[in-house]
Amino acid sequence: MKDNQPTFSQRMFRAVLRVMPFDFRANYGGEMEAVFAQQRQDLCERGRPLDFLRLWGETLAGIFSTAPREHWEILKHDMGYALRVMPKNFGFTLMAVITLALGIGANTAIFSVVHAILLRPLPYPDGHQLVFIRQQAQKQGLDDIGFSVHEIQDYREQNQSLTGLVEYHTMSFILYGHGDPDRVRTAVVSANYFDLFEVKPLLGRTFLPDDDKLGAPPVLILSYEYWKNKFGSDPEIVGRTFEMNDKVHTVVGVLPPVPQYPAASDVYMPTSACTFRGSKKFIDNRDARMMEVFGRLKPGVSVEQAHADFSTIAGRLRSEYPKSYPDSEGYTATATPLREELTREARPTLLVLLAAAAFVLLIACANVANLTLARMWQRERELSVRTALGAGRSRLLRQLFTESLLIALIGGALGLILAYSSLQLLTDFAARLTPRAHEIRIDGGVLLFTLLAALGTSIVFGTLAALFTRSNLSSGLKEGSSGAGAGRQKNRLRGALIVSQIAFSFVLLIGAGLMLRSLIKMQQVDPGFVPQRVLAMRTTLSANKYASPEQFAEIIKKILIRVQAEPGVVSAAISGLYPLEPEAISAGANAFSGSFQIKGREVAGTEAPPTGNFVAVTPDYFQTLGIRLKEGREFTETDGAKEDQVVIINEAMKRRFWPNEDAIGKRVSGDNGETWARIVGVVADVREFGLDHAAAADFYYPQAEGPNPSSLIVRTAADPRSLADAITGAVHEVDSQAAVTHVLTLEQARAESMASPRLTASLLGIFAALALLIAAAGIGGIMALTVSQRIREIGIRIALGAQPSGILRMVLGQGLLLACLGVGIGIIGALALGNLVKSLLFGVAVTDPTTFAGVAFVLVAAAMIATYLPARRGAAIDPIVALRME
């Protein structure tokens with residue numbers, strides 16, 4: 001390269017700078033023109049981006065401060081001209097607008113979700129001060145073991161970092177007094193719970209300290225949604241009474257329509273009114289952990305300081321109560337920002353979708369940039385004529401930039417409509433991941449994002465018109481219409497844009513392919529039971545009406561006898577939970593887990609005790625679900641006597657604790673050795689908490705030995721949904737006050753358990769399909785343009801003896817080369833970004849060769865199909881006609 005030859009970077013900045021200052025000599029005076037001309041000359045010599053940005057800022061400031069009226073008049077004129085020109089290039093305009101609408105719409109939709117869930121502050125005063133506090137048993141792998149009443153009191157009194165600390169847990173109770181018995185999700189909270197969140201009631205009042213005292217009159221606060229849906233927004237609801245847990249509860253308030261964290265509830269009650277939380281036995285037991293705890297940081301206190309504070313208190317409790325906090329459990333306490341806690345599960349998925357949407361927008365920009373370059377080639381004669389008639393270069397470039405801006409704004413407006421139409425779908429999807437989903441909406445922040453996306457895309461593809469426009473447009477008058485002056489540099493850029501589109505498309509298709517393969521793997525998992533023709537429902541009985549285990553056992557027996565007598569019922573059972581129950585999946589395996597002892601095996605003080613899930617079932621449970629018996633026997637009607645307690649374990653439990661011996665006859669205890677149960681059977685593993693979760697180690701024990709199970713499971717001879725009303729009626733015949741809710745088939749439960757990965761795969765698939773469509777259209781368009789530019793060359797080749805098949809191979813080869821380059825770069829990108837989707841996959845490696853090979857084949861095939869039509873056109877060129885065109 002010669003010494004005086006400018007670098008590519010310098011040429012690029014010189015071309016861009018020619019767009020930025022506009023025509024100052026004609027509009028703003030010669031003095032400013034001279035200043036900017038000098039600055040531009042200096043910058044072209046240096047070619048530094050920071051200086052470039054500084055000049056661009058000074059230019060804008062000069063335009064708006066010197067002559068705002070003239071500036072807007074010129075912009076108005078340019079916009080009017082653009083609106084007149086766009087219909088004459090309808091194909092280009094339509095393709096560009098649709099492409100940008102898809103790209104901007106996808107990004108706006110996903111950004112609205114990310115903005116609401118990950119970026120927006122909590123909708124409470126000083127929401128950043130709210131923290132979630134958890135106790136952990138690290139050596140047992142338990143991230144959250146809950147709090148007992150004693151522990152809440154200890155942390156409330158001993159912490160130095162909070163202005164307030166409240167407790168929370170949810171239970172399901174039956175509310176009587178407004179039609180049929182209603183099973184309500186009830187949040188049991190401290191009296192100062194709403195004060196901590198600084199929530200004021202819509203009607204009535206919140207809880208008072210006296211409401212939380214044992215023996216206080218029971219009171220309720222209704223959530224806004226429950227008040228609106230169940231009571232029709234009755235303004236006179238405050239003061240009405242309802243029966244729950246054999247107590248008369250008075251409604252004292254209604255909440256405003258604010259988010260309910262950590263989960264939505266129907267009603268709220270103080271801790272003293274809860275049958276379980278308010279019992280003396282539960283209060284006195286330091287190890288009875290059930291509650292979640294929230295706090296508000298003192299001004300100036302950081303989360304790290306609060307974390308250290310709670311860790312110190314945990315160490316103090318370990319020393320004072322070694323029996324409750326053995327070294328084998330690794331007990332500690334931590335503090336986490338509530339905002340972070342609420343979005344922990346959603347963050348990886350949303351970031352993957354945001355990256356996918358960004359790739360779609362980049363592909364759209366590249367495609368529109370190619371369309372813009374093709375249009376510039378077609379308009380060179382028009383621009384040359386305007387130059388000959390006296391139009392300045394900056395005037396022409398400004399007009400081109402205005403046209404690109406107008407197209408981007410129209411595409412952004414259509415994209416906003418697409419985003420709004422998909423909002424409900426995205427809200428339903430996000431609701432499976434975080435309770436913040438109901439905050440998703442199109443607000444000012446999202447509108448600003450859409451505007452910036454439109455402006456950004458217009459700058460990207462509009463600036464290309466300046467970068468690759470002739471320095472002497474009038475030379476276009478001397479050239480033929482065949483486009484011989486397009487230039488190698490412009491062709492290389494168009495090829496690079498196509499390669500980038502294919503590379504981005506490859507990455508997107510890999511992500512969608514891996515998610516699809518993961519979903520297929522998940523669907524192929526043996527759940528350990530037979531879900532076909534099984535109906536499940538939550539059957540809640542009054543805890544006060546049936547106070548003793550014997551009373552529960554008797555009423556459950558009557559319900560099963562009545563349900564089994566219903567025509568079409570094959571068998572029925574009741575259990576504490578059923579496989580893939582939505583509430584159980586949300587709670588997680590830890591909610592049903594507990595430690596136990598194995599007779600004859602001593603656990604060292606530094607070792608963690610064995611743990612397993614405890615599930616109470618009736619004798620026909622395994623038969624009803626089709627769970628296979630591997631060893632021993634199932635339960636019988638006579639099992640459950642206190643003097644001879646029995647349990648059944650699953651294979652996961654046997655593999656973990658009796659891998660090389662017979663487990664039948666071994667004895668275990670769940671109450672520190674006070675009673676021992678004999679293992680009488682081993683059944684197949686069941687994936688209760690999700691098909692993507694390994695089977696937990698389970699203990700099944702007869703219902704007569706445990707608390708009230710609440711899941712009724714019925715196997716039917718025909719479609720179980722046709723018997724739902726009859727089975728509900730049978731339950732009510734035995735107990736008219738029983739609440740029967742959450743009725744669904746196990747096939748529905750299985751589908752529901754895979755809804756989140758299915759929707760994620762679907763969204764990625766949509767983005768990938770858009771990317772593939774845009775990339776295929778782009779490569780087809782660029783090859784068609786290439787053939788149009790080379791008509792004379794191809795005509796000469798044919799005239800000299802080239803065969804049409806050779807021309808066909810030549811054009812196809814060019815398309816294949818671009819596709820292969822794009823796939824090669826895409827492979828590198830997909831491998832580099834593999835960890836982004838790794839946490840979302842099940843049974844599939846991020847380097848899965850089948851997926852990579854399949855995606856590469858699809859992309860290359862799509863490129864060949866898109867190239868074939870231009871290639872056929874080139875092969876059919878008549879050399880005489882081609883030569884006459886010059």
Q: For region 517-585, just the Cα atoms, rotate onto the principal axes and tell me the three extents in Å, largest first.
A: 51, 29, 14
Q: Read phi for every residue in region 715-721 and hand back ³J(HN,Hα) as whole Hz from Karplus 6.51 cos²θ - 1.76 cosθ + 1.60, θ = phi - 60°, with x for Gly and Pro.
A: 9, 10, 7, 10, 4, x, 5
Q.
For a Förster distance of 60 Å, can you work out the FRET efficiency between the beta-carbons of ARG492 and ARG655, rounded to the nearest 0.05?
A. 0.45
Q: Compute the length gained on full extension between CYS820 and ILE283: take 0.36 nm times their separation in residues and subtract their Cα-Cα distance, giving the result in nm to one decimal.
A: 186.4 nm
**Q.** Entries of LYS281/LYS654; LYS139/LYS200; LYS323/LYS654 with Cα pairs more than 30 Å apart
**A.** LYS281/LYS654; LYS139/LYS200
Q. Taking only protein heavy atoms and a 1.4 Å probe, what accessible area per residue, in Å², does region 729-858 have with all protein chains in place?
A. 44 Å²
Q. R0 = 30 Å: FRET efficiency of ASP719 with SER586, Cβ-based, nearest 0.05?
A. 0.65
**Q.** Fraction of accessible area attributable to carbon and sulfur, region 295-343 (%, probe 1.4 Å)
**A.** 50 percent
Q | Accessible area per residue in Å² at 1.4 Å probe, computed on region 217-371 | A | 41 Å²
(Q) Multiplying the sequence separation of LEU214 and ALA413 by 0.36 nm and subtracting their Cα-Cα distance, what value in nm do you get? (A) 65.7 nm
Q: Return the carbon/sulfur percentage of the accessible area of region 612-764, one whole number, probe 1.4 Å, all protein chains in place.
A: 47 percent
Q) Between ARG156 and ARG84, what is the spin-label point distance in nm, taking each point 7 Å from the Cα along the Cα→C-beta axis? A) 7.7 nm
Q. So what does the Cα-only Debye profile of region 548-679 read at q = 0.17, 0.21 Å⁻¹, as log10 I(q)/I(0), no solvent term?
A. -1.12, -1.54
Q | Relative contact order of region 555-703, defined on C-alpha pairs under 8 angstrom at six or more residues apart (%) | A | 31 percent
Q | Centre separation in Å (Cα based) which lies between region 102-133 and region 551-575 | A | 47 Å
**Q.** Using a Förster distance of 35 Å, the FRET efficiency for GLU243-LYS557 (Cβ separation, nearest 0.05)
**A.** 0.85
Q) Would you list THR745, THR275 from the most to the least accessible area, probe 1.4 Å? A) THR275, THR745
**Q.** By accessible area with a 1.4 Å probe, ligands and nucleic acids excluded, highest first: order of TYR701, TYR868
**A.** TYR868, TYR701
Q. What figure in square angstrom, to the nearest 10, would you give for the accessible area of ARG562 with a 1.4 Å probe?
A. 60 Å²
Q: Find the relative contact order for region 670-804 and round it to a whole percent, using C-alpha pairs within less than 8 Å whose residues are 6+ positions apart.
A: 14 percent
Q.
Rounded to the nearest percent, how much of the accessible area of region 527-602 (1.4 Å probe, protein heavy atoms only) is carbon and sulfur?
A. 53 percent
Q.
Could you compute how much accessible surface ASP428 exposes when probed at 1.4 Å, giving the result in Å² to the nearest 10?
A. 80 Å²
Q. Which pairs, out of LYS521/LYS558; LYS213/LYS298; LYS280/LYS557; LYS213/LYS545, put more than 32 Å between their alpha-carbon atoms?
A. LYS521/LYS558
Q) What length, rounded to one decimal in nm, is gained on full extension from PHE276 through to LEU202, with 0.36 nm per residue of separation minus their alpha-carbon distance? A) 23.7 nm
Q. Relative contact order, percent, of region 205-262 when contacts are C-alpha pairs under 8 Å separated by at least 6 residues?
A. 40 percent
Q. Give me the log10 of I(q) over I(0) for region 772-886 at q = 0.16, 0.18, 0.21 Å⁻¹, as the Debye formula computes it from C-alpha points; what are the numbers?
A. -0.76, -0.88, -1.06
Q) Using modelled backbone amide H atoms (1.01 Å from N, in-plane), which distant-in-sequence or interchain residues come within less than 5 Å of ARG185's amide H? A) ASP266, VAL267
Q) How much area per residue is accessible in region 103-166 when the probe is 1.4 Å and only protein heavy atoms are counted (Å²)? A) 33 Å²
(Q) Please list, ordered by chain and number, the residues whose modelled amide H lies under 5 Å from the amide H of TYR331; skip anything fewer than 5 residues away on the same chain. (A) GLN138
Q) Using θ = phi - 60° and the Karplus form 6.51 cos²θ - 1.76 cosθ + 1.60, what ³J(HN,Hα) does each residue of region 443-452 get, whole Hz, x for Gly and Pro? A) 10, x, x, 5, 4, 4, 4, 4, 4, 5
Q.
Just to be sure I understand the model, the point goes 7 Å from the Cα along the line to the Cβ. What's the resulting LEU447 to THR250 distance in nm?
A. 4.7 nm
Q) So, counting K/R as plus one and D/E as minus one, what does the shell of residues with Cβ under 9 Å around PRO619 add up to? A) -4
Q. Under the classification rounded if a/c is under 1.5, otherwise prolate if a/b is larger than b/c and oblate if not, where does region 213-299 fall, given a ≥ b ≥ c as square roots of the Cα gyration tensor eigenvalues?
A. oblate
Q: Describe numerically, in nm with one decimal, the distance between label points set 7 Å from Cα along Cα→Cβ at THR675 and at GLU631.
A: 2.5 nm
Q) Quick one: which of 647-654, 303-310 comes out on top by average Cβ neighbours within 10 Å, and what's the full order, highest first? A) 647-654, 303-310
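The values are calculated or read from the model by the stated rules, or taken from the named source; none is laboratory data. Quantities reported herein were computed from a predicted structural model and do not represent experimental measurements. Every residue, glycine among them, receives a Cβ derived from its backbone with ideal geometry; neighbour counts consider all protein chains shown. These area figures cover heavy atoms from the full protein model, side chains too; ligands, DNA and RNA do not enter into them. Shrake-Rupley method; radii C 1.70, N 1.55, O 1.52, S 1.80 Å.
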